[in-house]
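J.: Sending over a structure as structure tokens; questions will come in a sec.
The values are calculated or read from the model by the stated rules, or taken from the named source; none is laboratory data. Bear in mind the structure is a predicted one, so any value in this text is a computation, not a measurement. Here Cβ is always computed from backbone atoms with ideal geometry, including for glycine, and neighbour counts include all displayed protein chains. Heavy atoms of the whole protein, side chains included, go into the accessibility calculation; ligands, DNA and RNA do not. Shrake-Rupley method; radii C 1.70, N 1.55, O 1.52, S 1.80 Å.
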Amino acid sequence: MKFTQKFNNIVNKNNSLLCVGLDTDLEKIPKRILKKKNPIFEFNKEIIDATHDLVCSYKPNIAFYEAYGIDGLGQLKLTMQYLQKKYPEIPTILDAKRADIPNTARMYAKAAFDFWKADAITVFPTLGLDSLLPFLEYRDKLIILLLKTSNPDSPTFQNFSINRKPYYLAMANIIKTWKYENIGIFVGSTYPNELKRVRDIFPDHTFLSAGIGHQNATIAKAVKSGINKQKKGVMFNVSRHVIYSDSPRKEASKFRDNINKYR
């Protein structure tokens, strides 16, 4: 099944544009879970079971697993297998932010889709189309291109003027000419004006956005800027605000409902 179909199905089923980021840090999870054999996986499992009917996707950030070496990566594999077996209708995004020459990109793509079996991956497009082709060859997967990140210093280079246009927008206009149906777009919710400008360039593409949790983006502005004409088409990621809350289900429900309020 193509990512877009899978995504639209779960959006309709759960009435949700909320993506929950599984950025699991051993220093922040409850002590009762630390005593278990695979605490990262067990923590993720609790979050997933509590929120699965409130989300449109899950997004594990691979850095939080690589930090714990082989054991951490093994628990990411357990997490991905759990999602794929128990909740196969929910898309998974491997937040890996890859970028390299084609020969290396081919192996990154193989890892993401053949080993991790993710439904989508985040990648930087700055090396050009040839670096993205190994990912784009997986036609049923979504390749999310990072155009405008959510961090405060992103304008330093991403807004650098290129022929009187900011770099992120110059990239967007070039990417628009690439005829691949499985291209996705990332623009941070912390930059709603930029999000709207890029959405206008890609009216029918699936977007990923982040920043409405700890980064304090305004939900109303982000939603109105990011949704497509069908009031869908975008995944708003929240990580820490949900997974480390006293009640992940309650917090996820609040974010889902607040997002829906402005659709």
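J.: As a test, work out the antiparallel percent of DSSP beta bridges whose residues both lie in region 161-263, rounded to the nearest 5.
T.: Numbers: 2 of 8 bridges.
The antiparallel fraction comes to roughly 25 percent.
J.: Okay, moving on. Report the extension gain between LEU133 and ASN151 in nm, rounded to one decimal, defined as 0.36 nm multiplied by the number of residues separating them, less their alpha carbon distance.
T.: 3.7 nm
J.: Moving to a separate point now. Taking amide hydrogens as modeled 1.01 Å from N in the peptide plane, which residues meet the under 5 Å criterion relative to GLY184, leaving out close sequence neighbours?
T.: Answer set, sorted by chain and number: ILE143, ILE144, LEU145.
J.: Work through the residues other than LYS231 whose Cβ is under 11 Å from its Cβ and net out their charges, Lys, Arg +1 and Asp, Glu -1.
T.: Values: positive: LYS224, LYS229, LYS232, ARG263; negative: none.
Cβ neighbours under 11 Å give a net charge of +4.
J.: For the chain, what does -39500 (n - 2.57) per DSSP helix run (n ≥ 4), summed and divided by total residues, give at 222 nm, in deg cm²/dmol to the nearest 500? Don't skip to the answer; put the middle values down first.
T.: Working: 13 runs with 117 residues, N = 263.
That comes out to -12500 deg cm²/dmol.
J.: Quick one: ranking THR149, THR218 by accessible area, 1.4 Å probe, largest first, what do you get?
T.: THR218, THR149
J.: In nanometres, what is the gap between the two model label sites at ARG164 and GLN230, each 7 Å from Cα along Cα-to-Cβ?
T.: A separation of 3.7 nm, rounded to one decimal place.
J.: Determine the gain in length on full extension of the stretch THR177-ASP257; use 0.36 nm per residue of separation and subtract their C-alpha separation, reporting nm with one decimal.
T.: 25.2 nm is the gain from fully extending THR177 to ASP257.
J.: State the percentage of accessible surface on the chain attributable to carbon and sulfur atoms; use a 1.4 Å probe and exclude ligands, DNA and RNA. Provide the component values of the computation, followed by the final result.
T.: On the way: 6370 of 12330 Å².
Looking at the chain in its full context, I get 52 percent from C and S.
J.: Taking the Cα-to-Cβ direction at LYS110 and at LEU73 and moving 7 Å from each Cα, how far apart do the two end points lie in nm?
T.: Taking the two extended label points, one gets 1.4 nm.
J.: Of the cross-linked pairs LYS6/LYS229; LYS2/LYS229; LYS6/LYS37; LYS6/LYS86; LYS6/LYS36; LYS36/LYS110, which ones have a Cα-Cα span greater than 23 Å in the structure shown?
T.: Over 23 Å apart, Cα to Cα: LYS6/LYS37; LYS6/LYS36; LYS36/LYS110.
J.: Might you tell me the accessible area per residue for region 153-263, computed with a 1.4 Å probe and given in Å²? Numbers along the way, then the final one.
T.: Values: 5710 Å² over 111 residues.
That works out to 51 Å² per residue.
J.: Counting pairs of alpha carbon atoms under 8 Å apart in space and at least six apart in sequence, what relative contact order in percent does region 40-115 give?
T.: Reported as a whole number, the value is 36 percent.
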